[in-house]
Amino acid sequence: MAIKFLLPEDRIPTSWYNVAADLPAPPPPPLHPGTLQPAGPGDLAPLFPMGLIMQEMSAEPTIEIPDEVREIYRLWRPTPLLRAARWEKVLGTPAKIYFKYEGVSPAGSHKPNTAVAQAWYNKQEGITKLTTETGAGQWGSALSLACNLMGMECLVYMVKVSYFQKPYRRSMIRVWGAEVIPSPSDTTASGRAILAQDPDSMGSLGIAISEAVEVAAHRDDTHYSLGSVLNHVLLHQTVIGQEAIEQMELADAYPDFVVGCVGGGSNFAGIAFPFLGQNIKKGKKTRLIAVEPAACPSMTKGVYCFDYGDTAKLTPLVKMDTLGHDFIPPGIHAGGLRYHGMAPMLSHAFHLGLVEAESVMQTEAFSAGVSFARSEGIIPAPESNHALAMVSKLAEECKQSGDAKTILFNLSGHGHFDMAAYDNYLDGKLEDYAYPEEKIKEAMKNLPKV
Ligand SMILES: *Cc1c(COP(=O)(O)O)cnc(C)c1O
């Protein structure tokens with residue numbers, strides 16, 4: 001029995017898959033934050049290049065991947081698909097468990113798949129610098145890598161708590177030539193406003209986004225780049241699922257379940273949307289399960305409505321599952337899963353009943369991650385551990401029922417820069433926390449009236 005299913009370099013997909021073309025209805029368009037009217041391409045132009053804005057609104061079923069982007073993808077793509085046969089034994093399950101491993105990219109996660117594409121489209125339109133935010137540091141490192149490969153400058157606002165807790169992600173950003181500033185900072189009006197209220201603020205993704213957007217909006221040579229949530233980001237990540245479909249064929253198998261963790265929704269959509277396309281077009285019945293932390297439950301407990309993407313309300317409003325734009329996340333260890341909203345395209349597919357959502361506690365997540373590391377060797381990112389926790393629940397159900405189901409999950413990245421979180425878990429210091437209903441109700445009062 002083979003364990004690894006590898007594709008040759010010339011099997012890197014030649015186009016991205018746009019699920020919007022296959023959904024029964026398109027998701028509602030974004031709204032302008034000032035007028036609350038549908039935002040047109042021109043409204044997004046101060047922040048994004050037209051090439052990406054067109055993808056954001058596209059109804060084309062496929063979008064060709066530029067040659068130069070595919071050439072850079074060759075540095076780590078196609079990524080391997082593996083059968084977790086040793087973990088299956090440890091779990092004592094008849095289920096067949098496969099995983100797609102995105103941790104082989106230079107930044108150690110799926111994020112460079114979109115970072116490289118975004119930098120390329122910006123460069124085509126004469127943009128020389130990108131700004132962005134980063135929470136745990138994965139996105140900041142991915143974008144600095146991409147800008148470096150494209151010969152562009154990059155400025156990263158890093159959530160202050162991570163800036164100090166994750167010094168090595170910060171170092172990676174600097175090695176790839178970008179500037180990194182802890183957020184909130186005094187370099188922007190949004191940052192100064194937060195510091196005036198709370199000089200000790202440790203920041204949030206929402207605040208860091210406001211800072212990065214503000215800088216980009218004020219300069220002609222600078223654009224803003226987002227690592228998840230937006231349609232074009234999810235689109236770029238579909239290389240994962242397209243490769244996986246081919247690799248599952250090599251394995252002579254087809255998944256009953258596709259599982260991924262969700263922060264803003266991009267790695268899950270990246271693996272799941274191509275399979276959703278097969279469900280819609282070929283009548284396949286794969287169950288697609290998005291897994292989020294109980295501490296940041298935007299899909300399982302949030303409200304589906306129009307909300308801002310950031311704390312200072314500078315971004316367009318999008319219809320999404322949200323905990324409210326003023327959400328300040330509890331200090332859980334899956335830093336990449338702490339955004340207040342969920343990708344509009346994924347929220348839309350969820351409310352159409354085409355994908356499912358589950359939440360797990362962080363100790364469950366780490367327990368699954370350690371069990372996986374001890375059988376398969378790879379130490380998963382804390383974010384990915386949420387997917388693993390769900391997979392081990394499904395494997396247990398198969399054990400109870402005796403059903404040998406096929407499970408595929410996305411191992412979105414490795415955890416080599418998150419070892420402090422593993423130490424906390426192994427020392428029994430990780431606490432479970434479910435985001436309280438009252439806080440969600442409270443935040444809903446501040447939602448824009450649309
Ligand atoms: C950023 C990140 C996530 C969460 O972001 P999505 O957009 O939901 O994919 C998950 N896993 C890893 C390793 C990450 O870096």
Checklist outcome for this item: Set 4/405; 100/129; 100/405; 100/123, cut-off 22 Å on Cα-Cα distance; pairs above it are 100/129; 100/123
Next on the checklist: I need to check one value: relative contact order of the range 1-77, counting alpha carbon pairs closer than 8 Å and at least 6 residues apart, in percent.
Outcome noted: 45 percent
Checklist entry - Mind checking which of 21, 389, 357 has the largest fluctuation in a GNM of the chain, springs on alpha carbons under 10 Å? => result 21
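Over the range 36-183, what is the relative contact order in whole percent, taking alpha-carbon pairs under 8 Å and six or more residues apart? The partial results should precede the final answer.
Details: 186 pairs, mean separation 24.8, N = 148.
With pairs under 8 Å counted, the relative contact order is 17 percent.
Once you keep just the Cα pairs under 8 angstrom separated by 6 or more residues, what percentage relative contact order results for the range 217-313?
26 percent
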Checklist outcome for this item: Taking every other residue with Cβ under 14 Å from the Cβ of residue 444 and scoring Lys and Arg +1, Asp and Glu -1, one gets -1
Next on the checklist: Quick check: Cα centre of the range 248-270 to Cα centre of the range 383-450, how many Å?
Outcome noted: 16 Å
Checklist outcome for this item: As a Kirkwood estimate from alpha-carbon pairs, the range 85-197 has a hydrodynamic radius in angstrom of 15.7 Å
Checklist outcome for this item: If one builds a Gaussian network model of the chain from Cα atoms under 10 Å apart, the most fluctuating residue listed among 126, 341, 227 is 126
Checklist entry - In a shell of Cβ-Cβ distance under 13 Å around residue 53, excluding residue 53 itself, what net charge do Lys and Arg (+1) and Asp and Glu (-1) give? => result -3
Checklist outcome for this item: the range 306-322 and the range 154-223 have their Cα centres apart by a whole-number Å value of 19 Å
Checklist entry - By the scheme Lys and Arg +1, Asp and Glu -1, what is the net charge of all other residues having a beta-carbon under 9 Å from that of residue 289? => result -1
Checklist entry - So which lysines can residue 429 reach, going by Cα to Cα under 23 Å and dropping same-chain residues fewer than 8 places off? => result 160, 166
Item to check | For the chain, built as a Gaussian network whose Cα springs stay under 10 Å, the top-fluctuating residue of 285, 129, 111 | outcome: 285
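Since every read-out is calculated from the coordinates, none of them should be taken as a lab result. Predicted model, so just to flag it, every value in this text is computed and none were measured. Quick reminder, even Gly has a Cβ in these numbers, built from the backbone with ideal geometry, and neighbours come from all protein chains shown.
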